[in-house]
Amino acid sequence: MLKITAARVIVTCPGRNFVTLKIETSDGVHGIGDATLNGRELSVVSYLEDHVCPLLIGRDAHRIEDIWQFLYKGAYWRRGPVTMSAIAAVDTALWDIKAKVAGLPLYQLLGGASRSGVMVYGHANGADIEETVAEAVRYKDMGYKAIRLQTGVPGLSSTYGVSKDKLFYEPADAALPTENVWSTSRYLPTVPRLFEAARKVLGDDIHLLHDSHHRLTPIEAARLGKDLEPYRPFWLEDVTPAENQASFRHIRNHTTTPLAVGEVFNTVWDCKQLIEEQLIDYIRTTIVHGGGISHVRRIAHLAELNNVRTGFHGATDLSPVCMGAALHFDLWAPNFGIQEYMRHTPETDAVFPHAYTFASGDLHPGETPGHGVDIDEALAAKYPYRPAQLPVNRLEDGTLFNW
Ligand code: EZ4
Ligand code: CO
């Protein structure tokens, strides 16, 4: 028995907020898990500190599955982003501990490497098409094999995915939500023009992606998918809000553009129909918001049976701890597709020393026992929590819309 002796939550803000759970054991081995829920961080801190940490003390750290079931079934109130992020943090920390005790990098415990590296996509964005394409060229020159393209929309002062700082996009930019303005009719013709320009400059030998960030109706999404077909996008992401899984049937019936969904999902139940009816091509739910490795593994297995591949969320609000764990998963998962990679700032990287490295368009999790990511607690303490929320979006007539 490897006794859990302590479970502590560490909140730090090296440029943005991160919540980390640290679990310590009687053998002196510790593990960490990411619990960051962007804009709602302190609700997960409370869930962990007030309700989860006390019941971990004294349990056997090796019984990962039993602890997962205890936290999921034992709460009575199942699912939801707060609950599942908290469970994910525990699960990730316990897998970290088990792999450290075994003296193996985590991917070996999952079943070993299925590939030599994890293909990632970076984010090229600009105020207009020309600037976005120039950014994409810069990413190609950095070695990226896949690039997400987001551009400003003529007539709109700001839009999702377009930032001032090119390498580090950060939408949670104010203590109270910033208000953006949206127009689907201005947006829809812009994206095919962007892709046409990008293909001309970048050629065919690169994967191009785009994120609609939940802003279209199914029929608008179908139109965009059809308009993008000549430019062979790798995927079109989050075309509509996905609470209504059946609405993807309409989109699917109209376009062969591959679809990616799921960064806001937190259990297999959110995507069961999407996967079983093969309505999507990539599932994006990653470790921190999907109940940890133990639950995301169930999602990935269901996906594999239905020709759906993984394409995990990897924005900057997912900490390096989540990225490390995700990369071990990606290196193993037989149905891995691609991994999103938004770089963290140097301040964040210093707080979370990690074994993963980038080379030639791939990330590799490294060979350090565990998931290979740690936290420098003394440095973390120098960056206290700062309130920051995600923006909201309104139509031009003031109607509150999806961000
Ligand atoms: O807006 O992670 O594909 N990536 C995204 C992200 C999300 C943020 C929200 O916290 O959509 O940029
Ligand atoms: Co997205």
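The values are calculated or read from the model by the stated rules, or taken from the named source; none is laboratory data. Note that this is a predicted model, so its numbers are computed, not measured. Ideal geometry is used to build each Cβ from the backbone, glycine not excepted, and the neighbour counts take in all protein chains shown. Surface areas here come from the heavy atoms of the whole protein model, side chains and all, with no ligands, DNA or RNA. Shrake-Rupley method; radii C 1.70, N 1.55, O 1.52, S 1.80 Å.
In table form, for the structure just shown:
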{"item": "Residues of the stretch 85-104 satisfying the condition of being over 21 Å from F18 (Cα atoms) and open to solvent by 10 Å² or more (accessible area, probe 1.4 Å)", "result": "K98, K100, V101, A102, G103, L104"}
{"item": "L224 being surrounded by fewer than 19 Cβ atoms within 10 Å (Cβ to Cβ) and touching a strand residue (DSSP E or B) at 6+ places or on another chain (Cβ under 9 Å)", "result": "no"}
{"item": "Count - residues of the stretch 195-212 that are open to solvent by less than 10 Å² (accessible area, probe 1.4 Å) and within 16 Å of ligand 1 (Cβ to nearest atom)", "result": "5"}
{"item": "Leading residue by the ranking (nearest to ligand 2 (Cβ to nearest atom)) among those in the stretch 1-56 that are within 18 Å of D91 (Cβ to Cβ) and hydroxyl-bearing (S, T, Y)", "result": "T36"}
{"item": "Unique match (being farther than 23 Å from V264 by Cα and touching a helix residue (DSSP H, G or I) at 6+ places or on another chain (Cβ under 9 Å)) among V351, V288", "result": "V351"}
{"item": "Test: W77 is of a type in the set (F, W, Y) and surrounded by 24 or more Cβ atoms within 10 Å (Cβ to Cβ)", "result": "no"}
{"item": "Residues located in the stretch 146-176, provided they are open to solvent by 40 Å² or more (accessible area, probe 1.4 Å), within 14 Å of ligand 1 (Cβ to nearest atom) and among the hydroxyl-bearing types (S, T, Y)", "result": "S158"}
